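J.: Just passing along the structure, written as structure tokens.
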Amino acid sequence: MNVFLSYILLGLSLAAPIGPINAAQIDRGIRNGFMHSWLIGVGAVLADGIYMLVVYVGVVQFLETAFMQTFLWFFGCFVLMYTGIETFMNAGKINLQHARGKEPLYRSFISGFLMSISNPLTILFWLGIYGSVLAKTAATYETSQLVLYSTAIFIGLLLWDITMAGVASSARKFLTNHLLVVISCLSGISLIGFGIYFGMQAFHNLFGS
């Protein structure tokens, strides 16, 4: 049980660093409430699961090709820039009484999935972190335990997702309209900043040494 809990803690710590997903969760939480924020995270966790499976079955070599990395940098740039600009442009339209629930839930899920699946850092992240965990666990435990501990990592990711959604949606009760607009603008700028970074990495892959 202690080992299982330690893998849940690992999942929590993997999800905790502030990045595009957390920024988007905060914005959707204050704009549309818990479910929208939670589904951003669920989409991202599904993408994480796909990359965990990719690492597990050993087809990472395909994702390590220069073409795929450049494509993912460009695609990630587009997704983050689009989401960031949309967030920034809609910041002034936030209304505490009327904002909640206007956007379809599936859009939040798709947004989280695309932001995570198109992020090359996610590939490198799971390749490095989960790859090393996989190697260590496979050498020590049986396959059934490997699946169990991988599930524990997933539980940790989902717990962080629920926590972020709860905090973001609850915080709106204590915020004014003006402060909500400021937070949404900052979230949009953060996403645009990540998008610019992804674009720079794509150009570096194409034209750099």
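J.: Report, by residue number, each residue of the range 1-57 that is open to solvent by 50 Å² or more (accessible area, probe 1.4 Å) and either at pLDDT 85 or above or not hydrophobic (A, V, I, L, M, F, W, C) (or both).
T.: Passing the criteria: 2, 6, 13, 17, 34, 35, 38, 46, 50, 56.
J.: Please verify whether residue 100 is open to solvent by 80 Å² or more (accessible area, probe 1.4 Å), among the basic types (Lys, Arg), under 28 Å from residue 179 (Cα atoms) and at pLDDT 80 or above, treating the condition exactly as stated.
T.: no
J.: Next question, about the same structure. Checking the conditions here, which among 117, 94 is modelled with pLDDT of 75 or more and either open to solvent by 50 Å² or more (accessible area, probe 1.4 Å) or of a type in the set (Val, Ile, Thr) (or both)?
T.: Exactly one of 117, 94 is modelled with pLDDT of 75 or more and either open to solvent by 50 Å² or more (accessible area, probe 1.4 Å) or of a type in the set (Val, Ile, Thr) (or both), namely 117.
J.: Right, something else. Of all residues in the range 174-206, which are over 30 Å from residue 68 (Cβ atoms) and either under 16 Å from the mean Cα position of the chain (by Cα) or open to solvent by less than 80 Å² (accessible area, probe 1.4 Å) (or both)?
T.: Residues satisfying the conditions are 175, 177, 179, 180, 181, 182, 183, 184, 185.
J.: Looking only at the range 58-91, count how many residues are open to solvent by 60 Å² or more (accessible area, probe 1.4 Å) and at pLDDT 70 or above.
T.: Here the count works out to 10.
J.: I need the full set of residues from the range 133-153 which are open to solvent by less than 80 Å² (accessible area, probe 1.4 Å), within 13 Å of residue 7 (Cα to Cα) and modelled with pLDDT under 70, in order please.
T.: Once the filter is applied, which keeps residues that are open to solvent by less than 80 Å² (accessible area, probe 1.4 Å), within 13 Å of residue 7 (Cα to Cα) and modelled with pLDDT under 70, the range 133-153 yields 133, 134, 137.
J.: Let me ask another. Kindly indicate whether residue 156 is open to solvent by less than 20 Å² (accessible area, probe 1.4 Å) and in contact with a Cys (Cβ under 9 Å, 6 or more places away or on another chain).
T.: No, not satisfied.
J.: What pairs come out if I take residues in the range 150-175 that are of a type in the set (D, E, K, R) and part of a helix (DSSP H, G or I) and pair them with residues that are open to solvent by 60 Å² or more (accessible area, probe 1.4 Å) and at pLDDT 85 or above whose C-beta lies under 9 Å away, six or more apart or interchain?
T.: That search, which allows pairs on different chains as well, returns 161/38.
The values are calculated or read from the model by the stated rules, or taken from the named source; none is laboratory data. Remember, it's a predicted structure, so these values are computed and weren't measured experimentally. Cβ coordinates were reconstructed from backbone atoms using ideal geometry, including for glycine residues, and neighbour counts include every protein chain displayed. What goes into the accessible areas is simple: the full protein's heavy atoms, side chains included, and nothing from ligands, DNA or RNA. Shrake-Rupley method; radii C 1.70, N 1.55, O 1.52, S 1.80 Å.
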